[in-house]
Amino acid sequence: MGLEIKNISVTFGNKRVLNQLSIPEIADGEMVSLIGKNGAGKSTLLRQMTKLLRLNPEHIRYQGIPLKLEDIGYLPQDHRISASITVLELLITTLNISSSSLFTKANSAKQSLALLEEIGILHLANKVCTELSGGESQMVGLAHAVINKPKVLILDEPTSALDMQNQLKLLEYVRYYAKREQACVLMVIHDLNLAIQYSNKVAALHNGELFAYGEPLTMITPQLIWDLFNVNSKVVLVDECPIVVVKSQAYDS
């Protein structure tokens, strides 16, 4: 059994943002992308999941039991650390919140440096967190999210602040991490081509409900894109890989 998300509802004022939303079980080692237009409830779902783990964990279960907050690694849309500490100090602190052992801290430094090297951002180890660019902060946020090896990884638009190379670097590492740790990954992503390339399954949200769910190669079609975004598109094959091509839309003068 993997990650189960069932019957999530959220209301802001008189507006129902999520309506008894359930996601099919996410298997260990699987990456699932949430897609949909702005306001569909994607980021709200991720935030609500972390909230429910404190208040009503029965809605979110892992391996058949309520998921614990400490078993989640969470990367928000705009990851920023306001403390004037280095990236290495941030990771060491995260590893040792409940420990005062000098041996443990020394080992944590090695573990933190190894992780930064693994992700490809070792050069940021001694940089102060408040001096990181938006893209650098997002990459450090990934390290921050996985440093304690969570079994569930939640990523809210993880590539939004990244250039093309770092988008691929981040998602390649997430895929590697999911396979190695047999972790469940749920991420919000707007780039449909990245969703096709890096997702095992895609969950399309519309008006706070699950509109479609399945493997991206077969599910992301011009009809689905029109239904979700009111955009004309076509899907073409490049080296046997489907690519979404959006048709330009003219404004009336």
Discussion item. Quick query: amide H of S9 versus all other amide H atoms, modeled in the peptide plane; which residues come in under 5 Å with a sequence gap of 5 or more or a different chain?
Written reply: Q20, L21
Worksheet item: Nearest-5 percent of antiparallel DSSP beta bridges in region 128-217?
Response: 50
Worksheet entry | Loop sites in region 86-187: trypsin sites (Lys or Arg not before Pro), DSSP, at most 10 other Cβ within 10 Å | none
Worksheet item: If you project the alpha carbons of region 155-253 onto the principal axes, what extent comes out on each, in Å, largest first?
Response: 51, 31, 28
Item to complete: Could you tell me which of T50, T218, S199 has its Cα farthest along the dipole of the chain towards the positive end, charges placed at Cβ (Lys, Arg +1; Asp, Glu -1), taken about the Cα centre?
Response: T50
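Taking region 82-178 on its own, what percent of its Cα-Cα pair distances exceed 19 Å?
Numbers: 1852 of 4656 pairs.
Across region 82-178, Cα pairs with separations above 19 Å total 40 percent.
Expressed as a fraction of 2.2 N^0.38 Å, the rule-of-thumb size for a compact globular protein of N residues, what is the C-alpha radius of gyration of region 188-234? Walk me through the numbers on the way to the answer.
Working: Rg = 10.0 Å, N = 47, 2.2 N^0.38 = 9.5 Å.
My calculation over the Cα atoms of region 188-234 gives 1.05.
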Discussion item. From zero outward in steps of 10 Å, how is the percent of C-alpha pairs of the chain spread across the bins?
Written reply: 7, 29, 34, 22, 8, 1, 0
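Can you give the net charge of the other residues whose Cβ lies under 9 Å from the Cβ of A178, counting K and R as +1 and D and E as -1? Each step should come with its number before you reach the end.
On the way: positive: R175, K179, R180; negative: D28, E30, E181.
Net charge in that neighbourhood comes out at 0.
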Item to complete: Report the charge-dipole magnitude of region 73-178 in Debye, nearest 20, computed about the Cα centre from +1 at each Lys and Arg Cβ and -1 at each Asp and Glu Cβ.
Response: 400
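Give, as a single signed number, the net charge of other residues whose beta carbon lies under 12 Å from the beta carbon of E70, with Lys and Arg counted +1 and Asp and Glu -1. If you can, show how the numbers build up before the last one.
Details: positive: R54, K68, K149, K151; negative: D71.
With Lys, Arg at +1 and Asp, Glu at -1, the neighbours total +3.
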Worksheet, complete the sentence: region 120-253: relative contact order from alpha carbon pairs under 8 Å, six or more residues apart, as a whole percent, is 15
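In debye, nearest 20: dipole of the chain around its Cα centre with unit charges on the Cβ of K, R (+) and D, E (-)?
Values: 23 positive and 25 negative charges, 121 e Å.
The dipole magnitude comes to about 580 debye.
With Cβ to Cβ distances under 11 Å as the rule, what net charge do the other residues near E25 carry (K, R +1; D, E -1)? Intermediate results must be reported in sequence, preceding the final value.
Numbers: positive: K6, R61, K201; negative: E4, D28, E30.
Local charge sum for E25: 0.
What is the ratio of the Cα radius of gyration of region 42-139 to 2.2 N^0.38 Å, with N the residue count, to two decimals? Walk me through the numbers on the way to the answer.
Values: Rg = 15.9 Å, N = 98, 2.2 N^0.38 = 12.6 Å.
It is 1.26.
Quick check on the chain: helices-only [θ] at 222 nm, where DSSP H runs of length 4 and up contribute -39,500 (n - 2.57) each and the sum goes over total residues. Nearest 500, please.
On the way: 8 runs with 91 residues, N = 253.
For the chain, the value works out to -11000 deg cm²/dmol.
Read-outs throughout are calculated quantities, based only on the coordinates presented, and are distinct from any laboratory measurement. From a predicted model like this one, the values you see are computed outputs, not experimental measurements. Reconstructed Cβ throughout: ideal geometry from the backbone, glycine too, with neighbour counts over all protein chains shown.
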